[in-house]
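The values are calculated or read from the model by the stated rules, or taken from the named source; none is laboratory data. Since this is a predicted model, take the numbers as computed values, not measurements. Using ideal geometry, Cβ is built from the backbone for each residue, glycine included, and neighbour counts are taken over all protein chains shown.
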Amino acid sequence: MPSLNPYLSFRDQAREAMTFYQTVFGGDLEISTFGQFDGMVQDQAENDLVMHAQLTSPEGFVLMGADTPSGMTYEKPAGISVSVSGDDEASLQEYWNKLADGGTVTMPYDTPPWGGKFGMLTDRFGIDWMVALNAQQP
């Protein structure tokens, strides 16, 4: 069955960011560097950069990321957000608190007009997030 997973691009911060996301969501983090594969970068100083990282959380979230080598154009992510939602209020609050640490809250995690809880932030790595607790159905 196909899956749809966020793939985040960084400039020299993928290892730090993906390790941070592991502290937020838990799970197993696999990291491959450019140096593990011959000829993947032109500048050997970039061998330790992340060619591919995959975090798989206990809840089944899959978050991937990589560094963009200096020989490639890098643009900061814009116009997209990673969304985390569900019914587990305690887990969502914990995700929110950890993602917000060192980041910028653009909409506080609070009760919106439609119920539940909702908030938006940009984390310390420049990634936009939305966290939503589903509204209780009557």
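Checking each residue in the range 107-131 for being surrounded by 15 or more Cβ atoms within 10 Å (Cβ to Cβ), without any contact (Cβ under 8 Å) to a residue 24 or more places away in the chain and closer than 15 Å to Ser85 by Cβ picks out Tyr109, Gly116, Phe118, Gly119.
Of the residues screened, Asp43 is one that is more than 28 Å from Glu94 (Cβ to Cβ) and not assigned by TED's automatic domain parsing to the domain that holds Asp101.
Here is a check on your reading of the model: is Ser85 modelled with pLDDT of 95 or more, touching a helix residue (DSSP H, G or I) at 6+ places or on another chain (Cβ under 9 Å) and exposed (fewer than 15 other Cβ atoms within 10 Å of the Cβ)? Yes: the conditions hold for Ser85. Restricting Thr104, Thr68 to those that are more than 18 Å from Met130 (Cα to Cα) and touching a residue at least 12 places away in the same chain (Cβ under 8 Å) reduces the list to Thr68. Pairs are defined by a Cβ separation below 7 Å, a sequence spacing of at least 6 or placement on different chains, a first member in the range 74-100 that is in contact (Cβ under 8 Å) with a residue 60 or more places away in the chain, and a second member that is assigned to a loop (DSSP other than H, G, I, E, B); the pairs so defined are Tyr74/Arg11; Tyr74/Thr68; Pro77/Gly126; Pro77/Ile127; Val82/Pro6; Val82/Ile127; Leu99/Asp123.
Condition check ((1) more than 17 Å from the chain's Cα centre (by Cα); (2) not hydroxyl-bearing (Ser, Thr, Tyr)) across all residues:
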position	(1), (2)
Tyr7	no, no
Arg15	no, yes
Thr33	yes, no
Phe61	no, yes
Tyr109	yes, no
